[in-house]
1. Please say if the chain is rounded, prolate or oblate, where rounded means a/c under 1.5 for a ≥ b ≥ c the square roots of the C-alpha gyration tensor eigenvalues, and otherwise the choice is prolate for a/b larger than b/c and oblate otherwise?
2. With a 10 Å Cβ neighbour count serving as the proxy for reagent exposure, in which order, fewest first, do Ile89, Ile79, Ile111 appear?
3. Please state the charge dipole magnitude for the chain, taken about the Cα centre, from unit charges on C-beta atoms (+1 on K and R, -1 on D and E), reported in debye and rounded to the nearest 20.
4. Pop out the ³J(HN,Hα) list for region 80-89 in order, Karplus 6.51 cos²θ - 1.76 cosθ + 1.60 with θ = phi - 60°, rounded to Hz; leave Gly and Pro as x.
5. Can you bin region 84-132 into rounded, prolate or oblate? Criterion: square roots of the alpha carbon gyration tensor eigenvalues sorted a ≥ b ≥ c, rounded for a/c under 1.5, prolate for a/b above b/c, oblate for the rest.
6. State, to one decimal in nm, how far the label point of Thr128 lies from the label point of Glu93, with both points 7 Å from Cα in the Cβ direction.
7. Around Val17, what is the net charge, scoring Lys/Arg as +1 and Asp/Glu as -1 over all other residues with Cβ under 12 Å from its Cβ?
8. May I ask you to order 100-110, 42-52 by the average number of other C-beta atoms within 10 Å around their residues, highest value first?
Amino acid sequence: MSDRYNIVTSMVSLLLVARPGRMRDGLQALLRTIPEIEIVGQADSELQALTVISQQQPALVMLDSSLAPGEMLPMLVQIKDGYPRTRCIVLVENAQQQGAAREAGADTALITGFSAEVLHAAIDQVLTSIRSSSDSEDEVQHD
């Protein structure tokens, strides 16, 4: 398996990017219920997030749209350009933001107000994608 993206056995590393507060606390609590997820950092700004990503190279980044206005989409583009294998789940406030996030490279964009089940399903889908690409790399390296 690839060390570069911190995919160790069945654990998938995650960076949570959201302003401090109830939303981030709630997301963190929910993410900790998912055994395959290891939260490797938290950030509340673009600079912090990009620093953690360059150091930790998480397999998954969860971005909340509550960041400073105009910060989320450029950050998403930077993440996808610099770390194309990093998966991104973006939490947005409306359908317009959802479309913009998908255009900017989000693997999944959920409109706030989603249920825990919807978030779990989105994470499961992304985890499956991460594992599939990791397994494909292992096969190529062993050929």
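Bear in mind that the values in this text are calculations on the coordinates, not laboratory data. Fair warning: this is a prediction, and the values are worked out from it, not measured in the lab. Positions of Cβ are backbone-derived with ideal geometry, glycine not excepted, and every protein chain shown enters the neighbour counts.
1. Values: a/c = 1.59, a/b = 1.44, b/c = 1.10.
Verdict is prolate for the chain.
2. Working: Ile89 21, Ile79 25, Ile111 14.
Result, fewest neighbours first: Ile111, Ile89, Ile79.
3. With only Lys, Arg, Asp and Glu charged at Cβ, the dipole is about 380 debye.
4. 5, 6, x, 9, x, 7, 6, 8, 10, 10
5. Values: a/c = 3.36, a/b = 1.21, b/c = 2.78.
Since a/c reaches 1.5 but b/c is at least a/b, the shape of region 84-132 is classed as oblate.
6. Output for this residue pair reads 3.2 nm.
7. Every neighbour counted, the sum reads -2.
8. Output ranking for 100-110, 42-52: 100-110, 42-52.
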